[in-house]
Every structure is written in C-alpha cells, then in structure tokens.
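To start, the structure itself, in structure tokens.
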C-alpha cells in the first residue's frame, strides 16, 4: 500500500512540473509556481516551482539555521514568502540546482511528501529524506572530490583558518557551502575566494553577475590564491580542516558545512592524496571603479529574458589600485568577524 501511495505521489509531482514547463515563463519571467493537492491523502497540499528548468518544492515550513545546514550543492534550501488565506508567511523552498538531477529531485520530493503524509513533522520529513538521498544527489565524482572542487575547498578553508584564528565563531560566516552569493558573509562585510593552480593568477573566473556585487551596507573583498600540487611539504584539505578545528571552531558547526560540499567524515578518515602549496595570495577591495561586471553595468539593469549563467574572467593586473598591502590584509582577516574590534 505504501509503495502505491509513493508511486501516486511521484506521478502527481512529475505531471505538475511538466505542466509548469509547458506553461512558459509568463510575463517578466521569474519562478513559476503551481499548487498541487494530493487526492490520495486528504489535507496534504504542496506547491511545485520551476526556476530556469530546475524543479523545486515549496512547503509551509519556516526556514531555520539548522534546516539550512542540510542543504547541498545540488539541493538548495531557501526562504520564500508564501500567501495562505491572504496572509503572507515565511515558507521553505527546496530547489534542485542542476536540471540533470531533476528526476532524482523528484524522488527526494516524493520521499518528503510521503513522510508528511505518514504524519512526520515537516522539518523532520525534509531532514530524513535528504539524508536518505544524499548519495544520489551528489554530482558524479563527489564521493572523491574532483581536483577543482578540492582546490576550491582548500582555498576557502585556508581563509577560514585565518578568520577563525582570532574568532572561532567566524565559521558561521562561511556561507559558500550553503550556495550563498559570497563565500563568507558576516555582519561587517563579505569575502569571495578564488583559488587557481596557475602560477600567473592574474585572471580569475567569476561565476555570475552577482558574485562581485558588494553588499549594500558593507565592503566586499576578493581573495585570490595561487596554489600548486606538492606531494612533499604541501597541505591537504584534511590538514587544513584539522588546523581550523584547532583554532576552537566547533565540529558540530563545521561538519554540516563540509558535508554540504561533499566532504564527509569517511573521506576525512581516508585522507586525501593531494597536497597543495600556496604560491601567491592577494586581497583586493571591490568597490566603485573595480574592474568587474555586475547587473548595474548593463543598460537595462539586467540580462535579457532567456539569458542565463553569465560568467567572465577578470584580469587582476588591472586592479592594482584596489590591492591591499600585507598589513591591511592581516587586519581584514583579524577583524572580519569582530567588525574592527580585534
């Protein structure tokens, strides 16, 4: 009986997303939403979303920090306003970040709804289903991090180690694993980290028009790191994690973030064969005049409808006037979480 109910839920959800895909983007584009009532289970209503061909599930559940820790690179947990009986309220949207994982996401959504139908509390249903499907939701090769993934994680952890050396609570500012705009976002600023294997690291890849858009009321800094493979004296991701924990960062705060990027305790126990040595490091302040591309630089204030995933490369040799000296960089890392009180 339970299998038949799950199959019915899955079919209903699939048809709902197909209807959304066929409905077009509507005027002005944006996220398409459809209310779905499951006939087989009285009283259970969910809302499906479709955003740039990525499926989503909107639930009448408040988003809490502990829930957001269960997000992965493939499944984002976001807060949205939902109007119920003409009353706006905070709701949770789970969204697949990659269209090629839409079918796996459909199974995840089915698992969540089936648990709710069986009487499981909404938040517990989400956590339980994500835990069950975590392996399926990882992208190919995530069980052993690809070189570029490991290099990016290495760079972010190096920065976290420096921030945490004066303020272990800075781990709460590490927002990259949660799919946020910047890698680090605190009450007093934001930091974006770019790590490359090129000795000439003047050119860095910028993934979107929003990535170098500073917060409205706080500064943004760009940390660029050039590292090379070094099987001898280099540092591994594992050793940097251990160093971060040695600063006083609590494991219960760090490990959910590491799991979100596909690095878990089993991988830590096995260790990584890759070691990196930092060759160069620069810190730039991103502000008016910095050579970057944001939505504000576009004539219409945004890209035309139908254009997605705008990325570009930035040559930092044209940003020398925004470069911090060593003393300024040390002060940034020492006071980032403390807001200048270090």
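The values are calculated or read from the model by the stated rules, or taken from the named source; none is laboratory data. Worth saying up front: this structure is predicted, and the values here are computed from it rather than measured. A quick note on method: Cβ atoms are made from the backbone with ideal geometry, for glycine too, and the neighbour counts reach across all protein chains shown.
Restricting 58, 76 to those that are at pLDDT 85 or above, surrounded by 13 or more Cβ atoms within 10 Å (Cβ to Cβ), under 19 Å from residue 257 (Cβ atoms) and touching a strand residue (DSSP E or B) at 6+ places or on another chain (Cβ under 6 Å) reduces the list to 76. Considering region 243-253, the residues that are in a helix (DSSP H, G or I) and at pLDDT 95 or above include one that is nearest to residue 174 (Cα to Cα), namely 244. Note on region 257-287: among residues that are free of Cβ contacts under 8 Å to residues at least 60 places away in the same chain and in a loop (DSSP other than H, G, I, E, B), the one that is surrounded by the fewest Cβ atoms within 10 Å (Cβ to Cβ) is 273. Of the residues that sit in region 297-326 and are part of a loop (DSSP other than H, G, I, E, B) and modelled with pLDDT of 90 or more, which one is farthest from the chain's Cα centre (by Cα)? It comes out as 325.
So that you can scan it fast, the table gives a plain yes or no per residue for (1) in contact with a strand residue (DSSP E or B) (Cβ under 9 Å, 6 or more places away or on another chain); (2) modelled with pLDDT under 85; (3) under 19 Å from residue 49 (Cβ atoms); (4) part of a helix (DSSP H, G or I):
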residue	(1), (2), (3), (4)
93	yes, no, yes, no
109	yes, no, yes, yes
112	yes, no, yes, yes
120	no, yes, no, no
132	no, yes, no, yes
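Looking at residue 230, is it assigned by TED's automatic domain parsing to the domain that holds residue 157 and modelled with pLDDT under 90? When the stated conditions are applied, residue 230 passes them.
If you check 283, 278 for being at pLDDT below 95 and touching a strand residue (DSSP E or B) at 6+ places or on another chain (Cβ under 7 Å), only one passes: 278.
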